[in-house]
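Working notes, structure below.
No value in this document is a laboratory result; all are computed from the given coordinates. These figures come from a predicted structure and were not determined experimentally. Because the Cβ atoms are built from the backbone with ideal geometry, glycine has one as well, and the counts that use them run over all protein chains shown.
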Amino acid sequence: MCGIFGYIGTKQNAPTIVLEGLKRLEYRGYDSWGIAAVPQQKTSHKTEIIVKKQTGKIGNATIDDMPPSSFAFGHTRWATHGGITEQNAHPHLDCSNTISVIHNGIIENYETLKRDLIKKGHIFASETDTEVAAHLIEEYIKTMPFDKAVRKAFNMFEGFNAIIAISSIEQKFVAVRNGSPLVIGVGNNEHVLASDASAILPHTSEVHFLQDGEMAVIQDEKMSLYEAKTGKHIDPTIQRLSWSISQAEKGTYPHYMIKEIHEQPEILATIAEHSVSDVKKLAAIIASSYGGYMIGCGSAAYACLAGTYLFSKIAKRHMNWAIGSEFSYQQDFLTKKSLVIALSQSGETMDTLEAVKQAKAKGALIVALVNVMGSTLYREADHAILLSAGPEKGVASTKAFTAKLAHLILLATALADDPDRGTALVKKAALAVNSLLKKRSLERIEAIAEGIEKKEHIYVIGRGLSYPASLETALKIKEVSYIHAEGLPAGELKHGPLALVEQGTPCIAFLPNDETYSANLAGAMEMKARGGHIIGVSYKKHELFDTYIHVDDAEEATIIPQVVVGQILGYHLAVIRGFDPDMPRNLAKSVTVK
Ligand code: F6R
């Protein structure tokens, strides 16, 4: 959730490098930020760390007032413990201003530790759990070197955390994690460190993904790795990032969300061409399993639900699904023969990771469909397939969601021993999305958004595969435009939701060229009869529709262009209503807390 960026090397403008790094992490969502730098010139016998912090967004803030430095780090904070204030923003300092700490996660036992530290005379400047780390390290360095003190402090903490601490006296940078992601970029005589690999790209593509329980110590352009528990030395595993810088930037688009929406035809076509052999291997694993669960959160959970329809319809195979945070209440019957397929863009969603952990404890085989190489889920899974959607920066998932669907279509057809059909379906979906992204179609959807932007409620209905498309469309609309939107199975309308329909209530109805068409049309008619304003999303017009969005038929892959309609509509509703679709209020891109 919080963003972390650090630089240690030979360049003298580390604070600026860090500010630029934090800007690349803004998409994760934050409410305050700060940078700490170790000044080049010693100001006294001990060099005090200079810290600059602010609430709100970075915007046009400058850091001209910070000293030249080749050693700095920064943080974008998403408040958990303590309100959104300058004091609570990271980095935090110890009493001597020679140790500074930034942190992602929650130190669950911080209150007890803080009480002890106060008794020992430490003075706290903030209400955060993080500040405890700075003072505890300060306490421990009385008797040991800085890196050992950080390790000892970290091992005292309960909860899932990533901590980075710097010492201006020993000129060391120590990073240690247990739960929250950290990536270390290894450049030419320099190291960069970030909570997200895409932020490192302008500096280097060579990275080590810090694993749970690992500690990195960086000093004099050299990195050493240790086990955090024992202090035993370990070797780094350097990997090369396959993403390019331009993939991680907005380019000429006004927002990441619309850029990522536009990237989808190419991503889908690439998946259709290149993912088949990986998918075939996975299909063989699924075929030999006894009972399976698909798990994910938010959009990823809706992809799981879509997967159950695809496996049933195409592969004639039963697959359960569960929302990550609900899985622990449903996993009693898992055995060593069970299979769990976890879906995640980030690979860091705590609720999904917890579910995976529980399934692993029961001996289940774990398969992951994940977008971020080196992420925790990618590493934890017995078999992982990369979604190949490229870096996704808009908080609302778009291209990663359709990449998940594309892989599920390929999987279901491979299971049905008809992989060529999967390739053809995903290619058809790519073409259908391409048509939706043509100027005329985009203008049409924008005009529809203008017509409904003042509405308080929007209902989205579908059946079969169009039901998860309805849920995902409603999620896209609500999270970026803040209009209440609800996705419903059309057959459920008369069991309650019809009571909400008034004159002019917008109802988006998905009517694909499949067995659900007539039944869903009946749902739309029920809405219309009670005053609903019907926005038909279909391969053909119908007189019932008040407005119509054309979506090419892509057979079972029609769900892909259907959700793209929801993405475009959500995007325009947000922009027309004056909101930033890339940074919806109260939300963060990567949800690394429970
Ligand atoms: C919605 C959205 C979220 C994520 C969810 C899981 O647009 O982006 O609902 O889908 O937080 O995230 P990942 O896929 O990273 O596990």
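Tabulated data
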| item | result |
| --- | --- |
| Sparse-neighbour loop sites [GluC sites (Glu not before Pro); region 136-192; at most 16 other C-beta within 10 Å; DSSP] | GLU158 |
| Value at 222 nm in deg cm²/dmol, rounded to 500, when DSSP H runs of n ≥ 4 in the chain each add -39,500 (n - 2.57) | -11000 deg cm²/dmol |
| Unit charges on C-beta of K, R, D, E only; dipole of region 20-109, Debye | 140 debye |
| Stretchable slack from THR10 to LYS494, in nm (0.36 nm times residue separation minus alpha-carbon distance) | 167.5 nm |
| Added length on full extension, which subtracts the Cα-Cα distance from 0.36 nm per residue, ALA287 to ASN109 | 59.6 nm |
| Label-to-label distance, nm, for residues given as ALA519 and ILE234 (7 Å Cα→Cβ offset) | 5.1 nm |
| Crossing angle, helix 517-529 versus the chain [Cα axis fit, 0-90 degrees, rounded to tens] | 90 degrees |
| Filtered GluC sites (Glu not before Pro), region 517-582: DSSP coil and at most 14 other beta carbons within 10 Å | GLU543 |
| Beta bridge orientation in the chain: antiparallel %, DSSP, nearest 5 | 60 percent |
| Two-site FRET efficiency, ASN97 against SER435, from Cβ-Cβ distance with R₀ of 56 Å, rounded to 0.05 | 0.40 |
| Table column - 3J(HN,Hα) (Hz), region 287-304, Karplus curve with 6.51, -1.76, 1.60, x for Gly and Pro | 4, 9, 8, 10, x, x, 10, 9, 10, x, 10, x, 4, 4, 5, 5, 5, 4 |
| Between region 2-16 and region 235-314, the Cα center-to-center distance that results, in Å | 32 Å |
| Helix 350-361 vs. the chain, principal-axis angle (Cα, 0 to 90°, nearest 10) | 90 degrees |
| Residue list for region 83-97, given a label point 7 angstrom along the Cα-to-Cβ vector of LYS46 and an amide N cut-off under 11 Å | 94-97 |
| Distance from region 431-488 to region 132-161 (C-alpha centre basis), Å | 50 Å |
| Local electrostatic count, GLN211, Cβ distance below 11 Å [Lys/Arg +1, Asp/Glu -1] | -2 |
| Cleavage-rule hits (trypsin sites (Lys or Arg not before Pro)) in region 123-181: DSSP loop, at most 16 neighbouring Cβ within 10 angstrom | LYS142 |
| Estimated inter-spin distance, SER246 and LYS142, nm [label 7 Å along Cα→Cβ] | 5.8 nm |
| Label zone at ARG585, where the point sits 7 Å out along the Cα-to-Cβ direction: region 5-44 residues whose backbone N lies under 18 Å | 29-32 |
| Backbone HN-Hα couplings from phi across region 394-400 [Karplus 6.51/-1.76/1.60, Hz, Gly and Pro as x] | x, 4, 6, 5, 10, 5, 5 |
| Length gained when the stretch HIS457-LYS357 is fully extended (0.36 nm per residue, less Cα-Cα span) | 32.2 nm |
| Cα-based equivalent ellipsoid of the chain: semi-axis lengths in Å, sorted from largest, via gyration tensor | 45, 26, 21 |
